[in-house]
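Colleague: Below is the structure I would like to discuss, written out as structure tokens.
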Amino acid sequence: MSVCLAGGEREVSITSYAVRMARKLDRKPIEISQITIERQCDNEFLKELAEPVSKVEAVVSFACGAGVQAIAERFSEKPVYAGLNTEFLGVLEEQAVWNEKCLGCGNCVLAQFGGICPVTRCAKRLLNGPCGGSTEDHCEVNPERPCAWQLIYNRLKAIGQLDRLEEIVMPKDWSTAWYSGPRKIVRKEHQV
Ligand code: SF4
Ligand code: SF4
């Protein structure tokens, strides 16, 4: 199922059709089987793929990067290729426009900044105020983007929490972020 206009049954069908046509025109016809499952990052759903994958030479997955890797691990004897280029964790803000909102840093500081993430949305990841380079509320690094710190100020003002800007924010603990290699979550209470 596709919720961000990428992947899903429709895109898989269109791409399969296009590849079949291209190969036919090249006089190198190819047989392509299609299947879509609920979630590729969940072993429970991957079981459905065992038989269809056993019958093909290679797999092209239209999941996010995590889903593609889940398929590659599950079917270690088959080449697995990514059909999409996974970009970010974001929000659909208007028809066909997504904006990045979270880097999954594992040590969320949103409460301090009125629900606007400076880690993701400030190009310099500043935690103690703006760099001073913004022009008309837009970022000096990318003038098409709003300055995150202007957004933080506006938001804190709107919710009556401007006094938060007087607090010095201590250096962030990045040990929970991606810099130290892949992370793992274990929820013991849900293990069986
Ligand atoms: S502080 Fe970290 S977890 Fe919270 S929104 Fe920003 S990147 Fe995501
Ligand atoms: S202009 Fe704003 S968003 Fe851009 S780097 Fe400076 S503080 Fe961050």
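Colleague: When the residues of the stretch 89-114 are filtered to those that are near ligand 1 (Cβ under 9 Å from one of its atoms) and part of a loop (DSSP other than H, G, I, E, B), which remaining residue is farthest from GLY65 (Cα to Cα)?
Modeller: That would be VAL109.
Colleague: Sticking with this structure for a sec: LEU126 fails exactly one of the following numbered conditions: (1) touching a Pro at 6+ places or on another chain (Cβ under 9 Å); (2) on the phi > 0 side of the Ramachandran plot; (3) within 14 Å of ligand 1 (Cβ to nearest atom). What is the number of that condition?
Modeller: Here LEU126 meets the rest and fails (2).
Colleague: Another one. Identify all residues within the stretch 73-88 that are more than 16 Å from ligand 1 (Cβ to nearest atom) and without any contact (Cβ under 8 Å) to a residue 60 or more places away in the chain; write none if there are none.
Modeller: Within the stretch 73-88, GLU73, ARG74, PHE75, SER76, GLU77, LYS78, PRO79, VAL80, TYR81, ALA82, ASN85, THR86 meet the criteria.
Colleague: If ARG27 passes every condition in (1) among the charged types (D, E, K, R); (2) at positive phi; (3) modelled with pLDDT under 95 but one, which one does it miss?
Modeller: Answer for ARG27: the failing condition is (3).
Colleague: A further question on this structure: Would the stretch 129-144 turn up any residue that is at pLDDT 95 or above and either in a helix (DSSP H, G or I) or within 16 Å of ligand 1 (Cβ to nearest atom) (or both)?
Modeller: no
Colleague: Is it the case that the stretch 17-34 has a residue that's assigned to a strand (DSSP E or B) and of a type in the set (Phe, Trp, Tyr)?
Modeller: The answer is no; no qualifying residue exists.
Colleague: Is it fair to say LYS101 is out of contact with any Gly (no Cβ under 9 Å at 6 or more places or on another chain), modelled with pLDDT of 90 or more and not hydrophobic (A, V, I, L, M, F, W, C)?
Modeller: no
Colleague: Within the stretch 83-103, which residues are small (Gly, Ala, Ser) and surrounded by 13 or more Cβ atoms within 10 Å (Cβ to Cβ)?
Modeller: Scanning the stretch 83-103 gives GLY83, GLY90.
Colleague: A further question on this structure: Among residues belonging to the stretch 145-192 that are among the polar types (S, T, N, Q) and within 16 Å of ligand 2 (Cβ to nearest atom), point out the one that is nearest to the chain's Cα centre (by Cα).
Modeller: GLN150
Colleague: Can ALA82 be described as within 24 Å of the chain's Cα centre (by Cα) and closer than 30 Å to SER54 by Cα?
Modeller: yes
Colleague: Taking ASN154 as meeting all but one of (1) away from ligand 1 (no atom under 14 Å from the Cβ); (2) in contact (Cβ under 8 Å) with a residue 40 or more places away in the chain; (3) part of a helix (DSSP H, G or I), write down the number of the exception.
Modeller: So the condition that ASN154 fails would be (2).
The values are calculated or read from the model by the stated rules, or taken from the named source; none is laboratory data. Given the structure is predicted, the values throughout are model-derived calculations rather than measurements. Positions of Cβ are generated from backbone atoms using ideal geometry, with glycine treated the same way; all protein chains shown enter the neighbour counts.
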